[in-house]
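Report on the following structure.
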Amino acid sequence: MSTPRIRLPASARIGDTVEIRTLIDHPMETGLRRDERGQPIARNMLIRFEARANGEQVFAADLANGASANPTLTFNLRATGEMSIETVWIAESGARFTARGRLTLRS
Amino acid sequence: MNGQNKGGLSRRAFSGALLTLVAAPQAFAALPSEVEAAIRAAVGHAPVRDGGVVLRVPELAENGAQVPILVDVDSETGPGRHVARIHLFATRNPTPGIASFTLGPASARPLVATRIRLAEGQQVLAYVVWSDGVVMRTAAEVKVSVGGCAT
């Protein structure tokens, strides 16, 4: 498992639609798989993703078994000013993995 | 219903039923019951409209463990009316749920891209729920060369 990553344009104009890309390395084990000896592999899933802009939630995802390992998420956001973006991946165990980005304005 | 029409469907109910049959593509006609249950749990029993949603997936996925998927609702949203939720389901995975996304007025153009697991070739279903309760859906068939293990 590693630190999640976030990618967004460095700057935007007010009203622009900006694309936010995030990813995290995670096995996303569903608990349904077996190892080569036939033993069940313990469940270990990220079940939630949340994105906040200036503290307000702008996007979230609830992840089920069909979400892939090393999940990626891309979503849009309207630039309404300088924005401090915080994203967090939340594991079923409660562990949280946070990545932050900043959108500045250009004229 | 007042019970006076036990002999059969009223003309109105009959034409309604016929329209439903015609409008529903075969794609959605026979979903496995656990898929149907997962959809109902997510979107309730609101009437569902076909189309209005772009679902982009590869026709043939080499690796079922990492299948790129993109859902795009071809519409700008803002104050007043926006896409509230997008739900993805798989028809032939061990469990039907893939992911559910929560969007809002800040989402601008409602678009979500991610990667999913498909255990075998099957249909992927996207349901889009608007803030005013309108539900739209679309489906895409994906062939899978190597299944994404037991998902």
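When we screen A:46, A:73, A:77, A:23 for residues that are in contact with a helix residue (DSSP H, G or I) (Cβ under 7 Å, 6 or more places away or on another chain), within 12 Å of chain B (Cβ to nearest Cβ), hydrophobic (A, V, I, L, M, F, W, C) and touching a residue at least 40 places away in the same chain (Cβ under 8 Å), the only hit is A:77. When the strands (runs of 3 or more DSSP E) confined to the range B:77-151 are screened for residues that are closer than 24 Å to residue A:41 by Cα and facing chain A (nearest Cβ under 8 Å), those reaching at least 1 such residues are found at B:83-90, B:97-102, B:111-116.
Quick one: how many residues across the range A:60-75 are of a type outside the set (A, V, I, L, M, F, W, C) and closer than 19 Å to residue B:38 by Cβ? So the count comes out to 4. Scanning the range A:52-66 for residues that are small (Gly, Ala, Ser) and under 17 Å from residue B:105 (Cα atoms), we see that the one that is farthest from the chain's Cα centre (by Cα) is A:55. Could we say that residue B:27 is surrounded by 15 or more Cβ atoms within 10 Å (Cβ to Cβ), closer than 22 Å to residue B:130 by Cβ, of a type in the set (A, V, I, L, M, F, W, C) and modelled with pLDDT under 95 here? Against the criterion (surrounded by 15 or more Cβ atoms within 10 Å (Cβ to Cβ), closer than 22 Å to residue B:130 by Cβ, of a type in the set (A, V, I, L, M, F, W, C) and modelled with pLDDT under 95), residue B:27 qualifies.
Looking only at the range A:56-70, residues that are more than 7 Å from chain B (Cβ to nearest Cβ) and of a type in the set (D, E, K, R) come to 1 in all. The criterion of at least 3 residues that are farther than 25 Å from residue B:42 by Cβ is met, among strands (runs of 3 or more DSSP E) falling completely within the range A:1-68, by A:5-7, A:17-23. Every condition in (1) at pLDDT 95 or above; (2) within 12 Å of another protein chain (Cβ to nearest Cβ); (3) under 27 Å from residue B:91 (Cα atoms); (4) surrounded by fewer than 16 Cβ atoms within 10 Å (Cβ to Cβ) is met by residue A:92 except one, and the failing one is (2). Residue check: residue A:28 meets all listed conditions (1) closer than 20 Å to residue B:72 by Cβ; (2) surrounded by 15 or more Cβ atoms within 10 Å (Cβ to Cβ); (3) under 18 Å from the mean Cα position of the chain (by Cα); (4) within 10 Å of chain B (Cβ to nearest Cβ) but one, namely (1). Quick one: how many residues across the range B:52-76 are away from chain A (no Cβ under 11 Å) and among the charged types (D, E, K, R)? So the count comes out to 4. Set side by side, the residues A:42, A:79, A:69 differ, and just one is over 16 Å from residue B:115 (Cβ atoms) and either surrounded by fewer than 20 Cβ atoms within 10 Å (Cβ to Cβ) or under 13 Å from the mean Cα position of the chain (by Cα) (or both), which is A:42.
The values are calculated or read from the model by the stated rules, or taken from the named source; none is laboratory data. The structure presented is a predicted model; accordingly, all values stated were derived computationally and were not measured. Please note: Cβ atoms are built from the backbone with ideal geometry, for glycine as well, and neighbour counts cover all protein chains shown.
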